[in-house]
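See below for the structure under consideration.
The values are calculated or read from the model by the stated rules, or taken from the named source; none is laboratory data. Just so it is clear, the structure is predicted and the values come from calculations on it, not from any experiment. Glycine gets a Cβ as well: all are built from the backbone with ideal geometry, and neighbour counts include every protein chain shown. Remember, those area values only see protein heavy atoms, side chains included, never the ligands or the DNA or RNA. Shrake-Rupley method; radii C 1.70, N 1.55, O 1.52, S 1.80 Å.
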Amino acid sequence: MYDLEDRTFNFAANIRLFCKSLTTPIINIDDIKQVIPSSGSIGANYIEANEPLGTKDFKMRLKIGRK
């Protein structure tokens, strides 16, 4: 099994591939604009949590990632 950093990267890449496969009627455009950045921020917050400034910072970063 690979680590969470790789898994979150693959998740974001798969979301992008999925969004490219969707038809783009107006109703999908807003959803796509929200889901792509959200999928990438999970990994970014996890990476930041791995280099915390302290225990409180670590917990805060993990909570943000879970959101």
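List of remarks:
- The Cα-based radius of gyration and maximum Cα-Cα distance (Dmax) for the chain are 14.3, 46 Å.
- With all protein chains in place and a 1.4 Å probe, the accessible surface of the chain carries 60 percent carbon and sulfur.
- Computed from label points 7 Å out along Cα-Cβ, the spacing between residue 51 and residue 66 is 2.4 nm.
- GNM remark for the chain: springs join alpha carbons under 10 Å apart, and the peak mean-square fluctuation among 33, 56, 20 falls on 56.
- Against the chain, whose longest principal axis is taken from its Cα atoms, helix 55-66 shows a tilt of about 20°.
- Per residue, the accessible area of the chain comes to 82 Å² when a 1.4 Å probe rolls over the protein heavy atoms.
- 0 to 90° range, to nearest 10: angle between helix 4-21 axis and the chain longest Cα axis: 10
- Per-residue [θ]222 nm for the chain (sum of -39500 (n - 2.57) over DSSP H runs n ≥ 4, rounded to 500): -27500 deg cm²/dmol
- Straight Cα distances below 24 angstrom link residue 56 to the lysines 67, with same-chain residues fewer than 8 positions distant left out.
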